[in-house]
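Undergrad: Here's a structure for you.
The values are calculated or read from the model by the stated rules, or taken from the named source; none is laboratory data. The structure displayed is predicted, hence computed values, not measured ones. Here Cβ is always computed from backbone atoms with ideal geometry, including for glycine, and neighbour counts include all displayed protein chains. Just the protein is used for accessible areas: all its heavy atoms, side chains included, with ligands, DNA and RNA removed. Shrake-Rupley method; radii C 1.70, N 1.55, O 1.52, S 1.80 Å.
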Amino acid sequence: MFGTSWRVGRIIGIEVRVDSSWAVIALLITYSMYLRASIVYPDLSGAGAVGIAILSAVLFFGSVLVHELAHALVSQARGIRVQDITLFLFGGATRARVESRGPGDEFLIAAVGPLTSGILAALFGTIAGLGGDVLSRPLAGTLGYLAWTNLLLAGFNLVPGFPLDGGRLLRSAIWKATGSFNRATRIASLAGQGVGWLLVAAGVAWLLAGDLAGGIWFAFIGWFLVQAARASYQELQLRDMLRGVEAEDVMAGNLLRIPPDLSLQDAVDDYFMRYDHSAFPVDEQGRTIGLLTLRGVRRVPREQWPSRRVRDFMVPLGDQVVVAPDARMDAVLGKLEDGEAGRVLVVQDGEVVGIITPTDLTRWLRRWRALDTRAR
Ligand SMILES: [Zn+2]
């Protein structure tokens, strides 16, 4: 949803991913923690400051993860499957299909996040306060700092702009009041964009007042919120359009098939250069035995193309994301977003009958919009 993300592991059966933006933020946060440690505790050694910085960063990321896990656990407890947790810029996102349930569940799932951050703040604050005699001053100070950070996290997430938790609470309230999930999402998303622009304006004002770092930071977070709010709504619209649509309605069908003993040169000349597809099924005696992709061909040096055969460079079907022709498109969309190949094969009785790529989806949507005569 927000760009590239990497899988880092599973916790209680839920896939945890890290957005590419997070890598930059992780470094920035660790570095600023280091700066803070070396300024606040001048008698700390260089290694000591690095240690404190790493500890604070780990505890901070841990806090964000616990916040997201709280959302995930309540989702699962309410019977809503959690797709994954992605940590990104200023927190995380737990993907779960709340729209199939009521506003009450949405309220519970959203509220438990800031609540958890509040509890973590109290926990860190208490340890810092009570452990003051036992813990070293930098350690107690760091825990106190984390208490404030978690409080800030709770506060920021309560801002009423979707997709923040506060925006979800707002959505659940509007949903409850109007009975319309789509209307509630639209209003909460507009609120998110509004809050985002306010943050951008505050950042610019701050910037003009001379605080460069603070200004850029605020403007950046605001801009990110605007984008996230917009993307969340667009994704909802997309899912809405795809409701009741099946894979075979969207797929590129009537596929051209490449014989396995063709040379790569002929495959390039007669297929890839001639038709607008990035992959072709390879068929032998009426059965699909693999897929030749543009990426696969690119890996072979050009001068070897005339002498190498398709058979040796196709990818086996077993490695591909496969769906049935009657698979629901909203489910296929999730697979298309998650898969690294950016392609879903539609298979019937062991034969590839179609391919769905983001391009096919865009083409389908364009046509759907052009033909749509419903009053909107
Ligand atoms: Zn949250």
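Undergrad: List the number of the failed condition for Arg95; all other conditions in (1) under 24 Å from Ala147 (Cα atoms); (2) at pLDDT below 80; (3) within 15 Å of the ligand (Cβ to nearest atom); (4) out of contact with any Leu (no Cβ under 9 Å at 6 or more places or on another chain) hold.
TA: Result: Arg95 fails condition (1) only.
Undergrad: Given the conditions (1) assigned to a helix (DSSP H, G or I); (2) surrounded by fewer than 19 Cβ atoms within 10 Å (Cβ to Cβ), report the number of the one that Pro260 does not fulfil.
TA: (1)
Undergrad: Would the range 145-157 turn up any residue that is open to solvent by 20 Å² or more (accessible area, probe 1.4 Å), in contact with a Leu (Cβ under 6 Å, 6 or more places away or on another chain) and either more than 16 Å from the ligand (Cβ to nearest atom) or more than 24 Å from Val66 (Cα to Cα) (or both)?
TA: The answer is no, given that none of the residues of the range 145-157 is open to solvent by 20 Å² or more (accessible area, probe 1.4 Å), in contact with a Leu (Cβ under 6 Å, 6 or more places away or on another chain) and either more than 16 Å from the ligand (Cβ to nearest atom) or more than 24 Å from Val66 (Cα to Cα) (or both).
Undergrad: Please enumerate the residues belonging to the range 98-112 that are at pLDDT 65 or above, hydrophobic (A, V, I, L, M, F, W, C) and either open to solvent by less than 20 Å² (accessible area, probe 1.4 Å) or farther than 17 Å from Leu153 by Cβ (or both).
TA: Phe107, Leu108, Ile109, Ala110
Undergrad: Next question, about the same structure. Provide a single number: the residues in the range 167-179 that are free of Cβ contacts under 8 Å to residues at least 24 places away in the same chain and either open to solvent by less than 20 Å² (accessible area, probe 1.4 Å) or not in a helix (DSSP H, G or I) (or both).
TA: So the count comes out to 1.
Undergrad: Taking into account only those residues within the range 191-213 that are out of contact with any helix residue (DSSP H, G or I) (no Cβ under 8 Å at 6 or more places or on another chain) and assigned to a helix (DSSP H, G or I), which is least open to solvent (accessible area, probe 1.4 Å)?
TA: Let us first name the residues in the range 191-213 that are out of contact with any helix residue (DSSP H, G or I) (no Cβ under 8 Å at 6 or more places or on another chain), namely 194, 210-213.
Among the residues that remain, those that are also assigned to a helix (DSSP H, G or I) are: 194, 212-213.
Numbers: Gly194: 35, Leu212: 114, Ala213: 75 Å².
That would be Gly194.
Undergrad: Related question: So the check is Cβ under 9 Å with 6+ separation or different chains; which pairs have a first residue in the range 288-314 that's of a type in the set (Phe, Trp, Tyr) and a second one that's assigned to a loop (DSSP other than H, G, I, E, B) and open to solvent by 90 Å² or more (accessible area, probe 1.4 Å)?
TA: Note: pairs meeting the criteria are Phe313/Arg299.
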